[in-house]
Every structure is written in structure tokens, then in C-alpha cells.
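J.: Take a look at the following structure, please.
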Amino acid sequence: MRVVLVLVAHSGRTLQLGSVQPTTRVGAVQEVLEELTGITVSEQIAMCRGTRLEPSHCLSVYELPTEDGTSAEDSPVFLYSKAYIRPGACLPAEEVLPKFVPKPYPLGELNAEHPLQRAASPLVRALPDYELRFQHQQVTAQEFWDVSQKYFQHCQQLLSEQEVQSRTIDAARANIQLHFNSISRAFTEFLNGFHQQQGLHGEVLREFERDMDVLMGTELCPGLRTEKWEKLVDLLPEGKLRQWAESCRKAHRHFAEKVADLEGLFSVLKSDVEALFMQAPSVDLDDLGLLLADKEHLLEEHGSIIQVLSKDLATVRKLVEDTVKLLGSERLSSGAVHDACGAMESMDESHTGQFIPRMKECTAMLEEFCSHCLECKNRMTRDVLGQLQLISTQQSKIRDMKNKLAAFKEVAGKQDEAFAELMLVRRIPAAYKAALSECIRRKAWMEMYSGQAVRLAEHMGKVRTREVAKRETIQKEISCFLPTEMYSRMGLMEQPPHCQITVPAGEDKLLPVTIHDVRRITSISGSNLSKGKLEAHGSDASQTGAPPSPSTESSEIEGGPMYHPTNKQGQDLELENAKLRADLASQIAARHVQYLERPYFMEVGVTGKSGQQAQEPQQQDQGEVGDSAKQEVVNKFSEALKAQERLNGQLESRLADETRQKQTYESRIFELEDKLEELTKRVESQAGGGNEVVVNLNITVSDGDPGRCLAASEASGVEYRPKSKGELELLGALPDDPS
């Protein structure tokens, strides 16, 4: 049967709801709980597996109900009342111990008509009285037994309710632990971002005046100077920027103070939550359970006494029956009967002096222990509700901290936007150097482009010269066989066209800037690519004549699919020099453009370090440039090896094609020889027995003199058509007259 187990926090009651389906709404279950617990639906908080149950959802959303009671124990629904967990809420009235009193059983009167009343011996006459007394004692003991059972069961119920309350408080602690861990992670992430942001903003404010001095000390190139623009600082509204810097400085300091206050609030919240977890209930349920188990022997003792009393009652009844049977006989006066009747007195004294008082004592002890359990239950209720109120208070603080974190993150974002304006003092020089480097790159690219065009024109001229010579050679060979007019009408008298390559001057508007201008700006900005390092880089490249790894752009210009020019000392040195300048300018421009594209808050590492490490890309070590050049060389060498492998594969494929073509030619030759042999036999058979016919076929394969091949075919009577690679095809037949 599908069930839902509900544990009520303030009372410790356990409710098992049956006949529920996964499609049952939570709201319907809460209405049933209102009838059972008296907690209105609006005041109920139902939790399962750390999730609050929504009235509009079905039970299946929370994997409820479970298949059986065992599964329900593992996934109970904890029910809390808002009326008791609000801070400062009144506690429910303490429970009162129910009073269980044994029902008095009156002692019955002796029947005067009893047969033993006529016996002569007083011992025999006393037997019916003992029977009544023993019966009264047995009933009295049974009443005490029932009362003790009720007290013991009530103790078990109180202990079970306290265990339920303990589970509810553990579930509430687990829930606040989850929320606190979440807000703790969010606060730690915020603090890390804040310290990183503070380091960057502080460095920007500290270096603002120096950055402004750099702008003021950086003069524009002569070609860019106007009445409004003489230095880089003229590109910015200096006065407004300084006012903005002062405003950012105040906001930076004020925000740091507010975050310090927030840290204090979080520390208090953390201490309160930790203290909440350290607080233990005032009732030790394990000890209470051991005491309850120890009190169980009182019930066992009760049972033993009742068994003795029942046995004695049966004994006296048996004795009375036997004595009645012996009335009027001589055996009634025997000593055995009198001894048995005399033993009843000692048994009665044992019942009234030991057994009944002991049962009263055991019942009183169980009542006292039940009172102790009830006191523990009331203490547990106070502790649980007190802790629930504290948890509710901490939950409210956690929600407030979450809202404050959201507000502080928004303020931090606005601070980033404000300081982004100050970053113009660093981004303007980077953009200016990137633009100058682009001018240098374009100018060098134009030189390379023009140089390659000249080399291409020279190459195409050589190609045309070879074509003219080839056409003249072919014309000389054919002119002796065909008329010139026919040759001309075929269009074979035309000469190959000239290849004219012109490069229009499209870059004359470029600013006449050199790499020295970029070096000068680099040294002023305090770049890590200092002037000396740049000069060393340029001198090494010029002295060795080996360029650094060319960029993709220069590689595309240098070599094309049409030809691969050989190196000449004059032109190649100029092209290599232009390529070096283009690569260097391209690297500088690309680095500064990348610096401009990334967000400014990425300029500080995770540790929040500032200073020269947070400067422009100029501050990268020159060794990185050398390492990148080496890496490019390695990449180029790897690409060359791959190209060589591809070339080897192409050559092997071409060799295989040539081999297959050769085999095709050989098979064709064998086929033609077979046809020739067959034709010869046919002619001999047609000529008759005595006439011998001789057919002379002079087939000459010559790629250089097709005229002679044609003459030979006419003399032999076989049509000839030359094919590629000297292939011959026999298409005709023998003349009609074989003679």
C-alpha cells in the first residue's frame, strides 16, 4: 500500500497517510493534516528531502508516496508550524501526565450455604475465605499490571516522539547547512572578485598621473599634427577625465568600506550558524532509551507475581473442591488435609505482605519514570522549538545576505564600468601604436606585392619566350608538308599574347612612419619591448639574412601556385627586408589590437597583482617574442615535412598511373599483332593454293616526323592515326585486289 509518513515537529507525532496516489496534490494532503494536527494550511511548512512541498504540485514531483512503510521511514515528510518557529513565538502548553489508577475490586462475602461451613475443623471452614481472598489478590494484581503497562507504553510513546523531534531538528539543520554553504560559496566568489577588482582599480588610480604624463609626453607624428592635435593627450578631455578619476577614487574608497562592513556581517552570520550546529538538545535520548529498557524488568516482575497468584488461586480452588468431596468421610479428619488447609495461611501472608506491595511499588516506579519521560519531552519540545526559531532567524539573515550580495555585485559592475573610462589613458597609446604599426605593415606589404608582381612579370616573359620558340619549331616541321595559307587559316600563325602586370598606386596616402617612431612610443610608455630589445631584434634579422617565421600574409604573397621563384641577391634581399618589416609590424599591431579587444578587468591575474604586470601588451617579455618565433619555425619545418610526404605520395601515385598506362599500351600492341596475323591468314586463304601474296607493312613510330608515318601508311594500304605516347591504331583493311 502506498503511504506517506508525516513527522510533526512541535509534538513529535507520527502520522501515516494511506490511500494516497502520486497524482494527489500536496494541497489536498495539507487539508487532511489540518484536520489531524490542527495546523492550518497557511501555517504549514512541509519538507521532504530538503525541498519544500508546494501545494499546487503533485506528490509524484517529490517521489511520493512510497511503496511501503520501510521506504516511508527513509523519506518522511517533516511538518513545521509557522506559529511556533517565528522568532519570539509563544511555546505550546506543556503536556500533562495522564493519571492511570487501578480500579478497586471489592472483596466478596462468604456464602453461608457453602458446604465447608458445616465442617467441624476451623481450618476446613476457612478454606472458602482463602479462596475469596486469593481471587481478590489476583484481580488487584491484574489491575496494577494493566496500569504499569499503560505507563510503560506511554514512556515508549514519549521517547518515540522525542526521536521524531530530534529528526525534525536534524532536517532543519541540514536545510540551513545547505543554504549557508550556498551563500558562503557566493560570498567567497564575491570577495575573490572584489579583491581582484580592488587591486586593478587601485593600480589604475595610482598610475593615473603617470599614464597622463605618458600621454602628455607622447607627440604625434608630424603628418598627424594639427591645431587641435599635437600630443596624445589632446585626443582626450583631460579636465573631465581628471574629475572622473577623483570621483572614481572616492567611490573606490567608499565601496571598500561597505565591503568591510559586509565581511563583518558575514562573520557574525557564520559564527551564529556554527554555534547553532554546536548546540545539542538537553535530553540524551540514548540514555533515556537505556533507562526505558532497564524499566522493562519491572513488567517482567509484574508478570511473575501474577503467575504466582494465579497458581495459588488454582491450588486453593482445587483444595476446596477436594475437601467438599471428603465431607462425611473419615479421611477429612486426616492430618494431610489439615496440613494443606494450614498452608493457606502462610500463602495469604506472602500475598498480602510481599506480592501486592511489590506490585504497587513497581507501578509507582513506572509512574515516576513516565513522569521523568514527560519532563524530558517538554524540555525537548522547548529545545526543538527554540532551535527552530534560531534557524528561522538565521534563514532570514541568509536571505538578507543573499540580497545584499546581489546589490554589491551590481555596484561592483558599475564600478567596473566607471573605471573602464579611466582605462582610456592606457588604451589610447595602444591604439595609436597599433595604427602606426599597421601603416608600416601596409607599406611593407605594398613593397612585397610590387616586388612579387615584377618577378611574376619576368617569369611570364620567360614562359612566353619558350612558347614562341616552341611554335616556331613546330611551324618549321609542318611547313614542308602543308601550305602556309592552310596553316594560317588554322590560326596557327598567331603569336602568344604579352602578359602585362600593373600595380596601381593605392597606398600613397599612408602616413610616412617608420619602426623608429613605434620604438620611441614604446620606450616612453615603459614597455617591456624596449628600444634596445627592438633594435637587437632588427639587427639580428638583418645581419643573418634569415627572417623570422613569416606570417600567413607574407607567405601568401611570397609563393603562389603558379611558380616558385629562385632567390636572387638583389631583389630577394629587398623582398626579405620588406617581409621582415611587415612581420614585425604585424606582430606589434596584432598584440595591441588583442589588448584593446579584451575586457579591462582581465589585465590583472587571479592573485590580484598589479603594477607592471597589468600594463599593455608591450610589457610582455621579449623572450616571448623569441619563443613565438622559434615555435613558428618549428611549425613551418613540420609543415615542410608534411608537404614532402604529400609530394612523395603524389609521385608514387603518378608512377603507378604510368605503369598502368604502359601495361595498357602493351596489351594494345599484342592485340594489334593478333589482328595482323589473322588478316595475313585470311589473305592467304583467299589467294588459293598456288598464288603467294606478300603484304609489306612498314609502320614507323615517330613523334617528330608525322609526314613520314603518313607516307608509310599510304604505301602499305593501312590507315594510320597517331596517338599519344606513340600509340598506333589500325583502322583500314587490305586493298580489294590482293595481287
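The values are calculated or read from the model by the stated rules, or taken from the named source; none is laboratory data. Not measured: the values here are computed from a predicted model. Reconstructed Cβ throughout: ideal geometry from the backbone, glycine too, with neighbour counts over all protein chains shown. Areas reflect the complete protein model, heavy atoms only, side chains present, ligands, DNA and RNA absent. Shrake-Rupley method; radii C 1.70, N 1.55, O 1.52, S 1.80 Å.
J.: Looking at the stretch 161-182, is at least one residue open to solvent by 20 Å² or more (accessible area, probe 1.4 Å), touching a Pro at 6+ places or on another chain (Cβ under 7 Å) and assigned to a helix (DSSP H, G or I)?
T.: The answer is yes; a qualifying residue exists.
J.: Something else about it: With the condition kept exactly as written, say whether any residue in the stretch 74-91 is of a type in the set (A, V, I, L, M, F, W, C), loosely packed, with under 13 Cβ neighbours inside 10 Å and assigned to a loop (DSSP other than H, G, I, E, B).
T.: Within the stretch 74-91, one or more residues are of a type in the set (A, V, I, L, M, F, W, C), loosely packed, with under 13 Cβ neighbours inside 10 Å and assigned to a loop (DSSP other than H, G, I, E, B).
J.: Going through the stretch 1-23 one residue at a time, which ones are open to solvent by 30 Å² or more (accessible area, probe 1.4 Å) and in contact (Cβ under 8 Å) with a residue 24 or more places away in the chain?
T.: Residues satisfying the conditions are M1, R2, H10, R13, T14, Q16, Q21, P22, T23.
J.: Further question on the same structure: Restricting to the stretch 183-218, and then to whatever is among the β-branched types (V, I, T) and surrounded by 19 or more Cβ atoms within 10 Å (Cβ to Cβ), can you tell me which residue is nearest to S271 (Cα to Cα)?
T.: Applying the filter and picking the extreme gives I183.
J.: Still on this structure, please answer the following. Does the stretch 169-179 include one or more residues that are touching a Leu at 6+ places or on another chain (Cβ under 9 Å), more than 30 Å from K402 (Cα to Cα) and of a type outside the set (D, E)?
T.: No, every residue in the stretch 169-179 fails to be touching a Leu at 6+ places or on another chain (Cβ under 9 Å), more than 30 Å from K402 (Cα to Cα) and of a type outside the set (D, E).
J.: Test of understanding: among A245, A260, which residue is touching a residue at least 40 places away in the same chain (Cβ under 8 Å) and either of a type in the set (A, V, I, L, M) or over 30 Å from P512 (Cα atoms) (or both)?
T.: Going through A245, A260 in turn, just one is touching a residue at least 40 places away in the same chain (Cβ under 8 Å) and either of a type in the set (A, V, I, L, M) or over 30 Å from P512 (Cα atoms) (or both): A245.
J.: Kindly provide the set of residues from the stretch 443-488 that are surrounded by 11 or more Cβ atoms within 10 Å (Cβ to Cβ) and of a type in the set (G, A, S), ordered by number.
T.: A444, S450, G451, A453, A457, G461, S479, S488
J.: Right, next: Every residue in the stretch 370-419 that is of a type in the set (A, V, I, L, M), open to solvent by less than 40 Å² (accessible area, probe 1.4 Å) and either closer than 30 Å to R253 by Cβ or within 29 Å of the chain's Cα centre (by Cα) (or both), please.
T.: I398, M401, L405, A412, A418
J.: Now for a different question. Restricting the first residue to the stretch 476-491 and requiring it to be of a type in the set (A, V, I, L, M, F, W, C), which pairs with a second residue that is open to solvent by less than 90 Å² (accessible area, probe 1.4 Å) and in a helix (DSSP H, G or I) meet a Cβ separation below 7 Å and a spacing of at least six or different chains?
T.: Matching pairs, first to second residue: I478/Y487; F481/G707.
J.: Sticking with this structure for a sec: Within the stretch 13-20, identify whether any single residue is in contact with a Lys or Arg (Cβ under 7 Å, 6 or more places away or on another chain) and more than 25 Å from L178 (Cβ to Cβ), and answer yes or no.
T.: Yes: one or more hits.
J.: Follow-up question, since we're still on this one. Is it true that some residue in the stretch 246-255 is open to solvent by less than 20 Å² (accessible area, probe 1.4 Å) and either more than 30 Å from H351 (Cβ to Cβ) or modelled with pLDDT of 95 or more (or both)?
T.: Taking every residue of the stretch 246-255 in turn, at least one turns out to be open to solvent by less than 20 Å² (accessible area, probe 1.4 Å) and either more than 30 Å from H351 (Cβ to Cβ) or modelled with pLDDT of 95 or more (or both).
J.: Just to be sure, is K462 at pLDDT 85 or above, in a helix (DSSP H, G or I) and either hydroxyl-bearing (S, T, Y) or more than 41 Å from the chain's Cα centre (by Cα) (or both)?
T.: yes
J.: Which number in (1) in contact with a helix residue (DSSP H, G or I) (Cβ under 6 Å, 6 or more places away or on another chain); (2) surrounded by 12 or more Cβ atoms within 10 Å (Cβ to Cβ); (3) closer than 30 Å to Q157 by Cβ; (4) at pLDDT below 90 marks the one condition that K295 misses?
T.: Result: K295 fails condition (4) only.
J.: Right, next: Determine which single condition D146 fails, assuming it passes every other condition in (1) within 30 Å of R86 (Cβ to Cβ); (2) open to solvent by 20 Å² or more (accessible area, probe 1.4 Å).
T.: (1)
J.: Does S282 satisfy being in contact (Cβ under 8 Å) with a residue 12 or more places away in the chain, outside any helix (DSSP H, G or I) and either open to solvent by 30 Å² or more (accessible area, probe 1.4 Å) or among the hydroxyl-bearing types (S, T, Y) (or both)?
T.: Here the answer is yes, as S282 does meet what is asked.
J.: Applying the selection to the stretch 1-42, what residues are assigned to a loop (DSSP other than H, G, I, E, B) and under 13 Å from L64 (Cβ atoms)?
T.: Across the stretch 1-42, the qualifying residues are R2, V20, Q21, P22, T23, T24.
J.: The conditions are (1) in contact with a helix residue (DSSP H, G or I) (Cβ under 9 Å, 6 or more places away or on another chain); (2) more than 30 Å from I588 (Cβ to Cβ); (3) among the basic types (K, R), and K443 fails exactly one of them. Which is it?
T.: Tallying (1) in contact with a helix residue (DSSP H, G or I) (Cβ under 9 Å, 6 or more places away or on another chain); (2) more than 30 Å from I588 (Cβ to Cβ); (3) among the basic types (K, R), K443 fails exactly one: (2).
J.: Quick one: what pairs do we get from the stretch 118-142, first residue open to solvent by 70 Å² or more (accessible area, probe 1.4 Å), second at pLDDT 80 or above and in a helix (DSSP H, G or I), C-beta under 6 Å, 6+ apart or different chains?
T.: Cβ pairs passing all conditions: R133/D348.
J.: Being aliphatic (A, V, I, L, M) and under 14 Å from K99 (Cα atoms) is the filter here; which residues of the stretch 355-392 pass it?
T.: Residues satisfying the conditions are A364, M365, L366, L374.
J.: I've got another one for you. In the stretch 655-665, is there at least one residue being at pLDDT 75 or above and either of a type in the set (S, T, Y) or touching a Leu at 6+ places or on another chain (Cβ under 7 Å) (or both)?
T.: yes
J.: Among the numbered criteria (1) open to solvent by 60 Å² or more (accessible area, probe 1.4 Å); (2) over 60 Å from the mean Cα position of the chain (by Cα); (3) hydroxyl-bearing (S, T, Y), which one does T502 miss?
T.: Result: T502 passes all but (2).
J.: While we're on this one: Assess whether T522 counts as being under 29 Å from K433 (Cβ atoms), surrounded by 13 or more Cβ atoms within 10 Å (Cβ to Cβ) and modelled with pLDDT of 75 or more.
T.: No; evaluated as a whole, the condition is false for this residue.
J.: If Q394 passes every condition in (1) more than 30 Å from F78 (Cα to Cα); (2) in contact (Cβ under 8 Å) with a residue 12 or more places away in the chain but one, which one does it miss?
T.: Tallying (1) more than 30 Å from F78 (Cα to Cα); (2) in contact (Cβ under 8 Å) with a residue 12 or more places away in the chain, Q394 fails exactly one: (1).
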